[in-house]
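The values are calculated or read from the model by the stated rules, or taken from the named source; none is laboratory data. From a predicted model like this one, the values you see are computed outputs, not experimental measurements. Using ideal geometry, Cβ is built from the backbone for each residue, glycine included, and neighbour counts are taken over all protein chains shown.
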Amino acid sequence: MKRLLLAFVAPALGLSALSAEAAEGKDPKAVFVRLCAQCHGPDGGGMKLSEAPAIAGLPEWYLTSQLKKFKSGIRGTHPADLFGTRMAPMARYLRVEGDLEGIAAYVAAMKPVPAKPTLTGGSVVKGEQRFQVCAACHGVDGMGNKDLQAPKLVGQNDWYLLNSLKNFKAGGRGGDPVADPMAAGMRANAQALDDQGMLDVIAYINVLAPAPAPAATP
């Protein structure tokens with residue numbers, strides 16, 4: 001019941017707050033505080049209660065593409081994607097030229113928040129084997145591939161990864177191969193996994209770590 005309440009109350013709160021933002025001018029930081037923080041957290045690290053993923057530090061190209069998909073209706077309109085439907089009206093509010101790109105750039109520049117593993121029961125060994133399919137698009141290091149429009153997986157909340165795989169498998173995402181071929185490809189891969197397989201893959205993703213930043217040049 002709490003999840004359903006969040007799904008319908010949060011959009012109303014966000015749009016109400018953003019009506020005030022329209023009067024102030026569209027500063028990306030203010031938009032984030034009013035629109036994004038209530039679900040994704042003030043640090044952009046994601047909130048399990050609202051099932052909103054970590055977004056801080058995600059690539060700007062990915063944030064831009066997903067906001068455009070939410071805004072156009074490619075994503076977030078399927079009834080099986082309950083919490084995705086909450087993002088659609090938020091993205092449509094970014095209607096002034098430059099709004100969408102501005103908030104994407106702001107969130108991309110935020111410091112990523114290390115995700116703490118929450119899931120149990122997965123096998124890292126079996127997950128590494130299954131991850132080879134994922135690596136074709138997301139990279140062997142799980143850091144994503146812009147050319148293939150595949151986001152990074154490392155550092156994402158494991159509960160969100162599980163929810164996403166289940167969503168793809170059920171058809172909440174990836175049901176239109178013409179409008180969103182990348183998501184359609186993900187749906188096919190998710191359909192090949194049972195619940196244990198999903199836990200195994202995510203267990204392996206949880207042990208991957210991004211490469212350390214290069215040392216600063218003196």
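Per-structure values
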read-out: Matching residues in the range 126-156 - criterion: being part of a loop (DSSP other than H, G, I, E, B) and surrounded by fewer than 19 Cβ atoms within 10 Å (Cβ to Cβ); value: 139, 140, 141, 143, 149
read-out: Yes/no for residue 130 being free of Cβ contacts under 8 Å to residues at least 40 places away in the same chain and touching a Phe, Trp or Tyr at 6+ places or on another chain (Cβ under 9 Å); value: no
read-out: Residue within the range 40-50 that is modelled with pLDDT of 90 or more, in a helix (DSSP H, G or I) and surrounded by fewer than 17 Cβ atoms within 10 Å (Cβ to Cβ) present; value: no
read-out: Hey, residue 162 buried (at least 18 other Cβ atoms within 10 Å of the Cβ) and of a type in the set (A, V, I, L, M, F, W, C) or not; value: yes
read-out: Residues of the range 100-119 that turn out to be closer than 24 Å to residue 31 by Cβ and among the hydroxyl-bearing types (Ser, Thr, Tyr), as a count; value: 1
read-out: Candidate set: the range 59-91, residues that are farther than 23 Å from residue 150 by Cβ and not charged (D, E, K, R); chosen: the one surrounded by the most Cβ atoms within 10 Å (Cβ to Cβ); value: 90
read-out: Boolean, residue 56 is outside any helix (DSSP H, G or I), surrounded by 20 or more Cβ atoms within 10 Å (Cβ to Cβ) and at pLDDT 90 or above; value: yes
read-out: Matching residues, the range 157-185, being at pLDDT 90 or above, of a type outside the set (Gly, Ala, Ser) and not in a loop (DSSP other than H, G, I, E, B); value: 158, 159, 160, 161, 162, 163, 165, 166, 167, 168, 169, 181
read-out: Residue 120, sole failed condition from (1) surrounded by 14 or more Cβ atoms within 10 Å (Cβ to Cβ); (2) out of contact with any helix residue (DSSP H, G or I) (no Cβ under 6 Å at 6 or more places or on another chain); (3) among the polar types (S, T, N, Q); value: (1)
read-out: Single condition residue 129 does not satisfy, out of (1) within 21 Å of residue 166 (Cβ to Cβ); (2) assigned by TED's automatic domain parsing to the domain that holds residue 38; value: (2)
